[in-house]
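Everything on this sheet refers to the single structure shown next.
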Amino acid sequence: MDGVVLAAGEGTRMRPLTADTPKGLVEVAGHPLLTHCFEALLSVGVDRLVVIIGYRGDDIVAHYGEQYRDTPIVYVRQDEQLGLAHALEQAQSAVDGTFVVLNGDNVCRANLGDAVERHRETDASATLLVEDVSRAEARTTGVVMTDDEGRVTGLVEKPSDPPSTLVTRGFFVFESAIGHACALTQPSERGEYELPDAIDLLLSAGHRVEAVELDGWCHNVNEPSDIDAVKERLGDGVDR
């Protein structure tokens, strides 16, 4: 199973730390962000890492080389950062069969394996790790609607009156159908190809999409202050 890490972004909100360093190499609790991502993916059984690189991508290649802990690494370049669906479309030639995706700025101590297991048990085309948040937070992001069995019925971006308080937490399990959906996705109002739009296309085409609720935590490292927040969550401040 391939593990895709989305690490092409410039990380402007992390400046000055990313002025001359890619976000994936910013140190968090003793390790670069990408090392946290790689460890999370290895824990769910991936046997190859596919890293989407863009801003200062050569620095990432130089740091990790061709493998991480005996696991091969393939690098895919996203020269223009046009959204997550666009990034996944670039990766399609590098993945084979079922694959997992983790946002490259996430540090997770969570039940990622449960999402992989649910995906396999249900023959889904996509499975999303989701968390139940406050209505205030739900208004600021995309929400996921599900039925009583946890099957996804739709996604809504930044609703003023949220029909759900479930939000994605940056970990996904996909089949190859997502690549076709990403290729068909149209630019959003901000000019990017959005992953929720691609997942909506899967639903419209009759594909099964599942959701697994987060047990544990996933923290997006978007700003320098998030580094201290992750250290606090890890307890002693250093991930060993």
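The values are calculated or read from the model by the stated rules, or taken from the named source; none is laboratory data. What you are looking at is a predicted structure, and each value in this text was computed from that prediction instead of being measured. Because the Cβ atoms are built from the backbone with ideal geometry, glycine has one as well, and the counts that use them run over all protein chains shown. Surface accessibility is based on the protein's heavy atoms, side chains included, excluding ligands, DNA and RNA. Shrake-Rupley method; radii C 1.70, N 1.55, O 1.52, S 1.80 Å.
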Looking only at region 126-159, and only at residues there that are in contact (Cβ under 8 Å) with a residue 12 or more places away in the chain and part of a helix (DSSP H, G or I), the one that is most open to solvent (accessible area, probe 1.4 Å)
Arg135
Within region 184-199, which residues are open to solvent by 40 Å² or more (accessible area, probe 1.4 Å), among the acidic types (Asp, Glu) and assigned to a loop (DSSP other than H, G, I, E, B)?
Glu189, Glu192
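Going by what's in this entry, would Glu223 be described as in contact (Cβ under 8 Å) with a residue 60 or more places away in the chain, surrounded by 17 or more Cβ atoms within 10 Å (Cβ to Cβ) and either on the phi < 0 side of the Ramachandran plot or not acidic (Asp, Glu) (or both)?
It is false that Glu223 is in contact (Cβ under 8 Å) with a residue 60 or more places away in the chain, surrounded by 17 or more Cβ atoms within 10 Å (Cβ to Cβ) and either on the phi < 0 side of the Ramachandran plot or not acidic (Asp, Glu) (or both).
Given the residues Ile73, Ile60, which is the only one that is surrounded by 17 or more Cβ atoms within 10 Å (Cβ to Cβ), of a type outside the set (Ser, Thr, Tyr) and part of a strand (DSSP E or B)? Reasoning before the result, please.
Numbers: Ile60 fails: part of a strand (DSSP E or B).
Matching residue, one of Ile73, Ile60: Ile73.
Suppose we filter Ala85, Ala91 for residues that are over 22 Å from Arg151 (Cβ atoms) and in contact (Cβ under 8 Å) with a residue 24 or more places away in the chain; which single one remains? Don't jump to the end; show me each part of the working.
Numbers: Ala85 fails: over 22 Å from Arg151 (Cβ atoms).
The unique qualifying residue is Ala91.
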Pairs where the first residue, in region 62-76, is farther than 14 Å from Leu25 by Cα and the second is open to solvent by 80 Å² or more (accessible area, probe 1.4 Å) and part of a strand (DSSP E or B), C-beta under 9 Å, 6+ apart:
Ile73/Gln67
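The rows are residues; the columns are (1) at pLDDT below 95; (2) of a type in the set (Phe, Trp, Tyr); (3) crowded, with 23+ Cβ neighbours inside 10 Å.
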site	(1), (2), (3)
Cys37	no, no, yes
Leu41	no, no, yes
Tyr64	no, yes, no
Glu89	yes, no, no
Val116	no, no, no
Looking for whichever is in contact (Cβ under 8 Å) with a residue 60 or more places away in the chain, within 23 Å of Asp228 (Cα to Cα) and touching a Ser or Thr at 6+ places or on another chain (Cβ under 7 Å) here; the options are Gly30, Gly11, Gly104. Which one fits?
Gly11
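Which one of these is closer than 21 Å to Ala177 by Cα and surrounded by fewer than 15 Cβ atoms within 10 Å (Cβ to Cβ): Arg15, Arg120?
Values: Arg15 fails: closer than 21 Å to Ala177 by Cα.
Result of the check over Arg15, Arg120: Arg120.
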Counted residues in region 1-24 being in a helix (DSSP H, G or I) and in contact with a helix residue (DSSP H, G or I) (Cβ under 6 Å, 6 or more places away or on another chain) come to 3
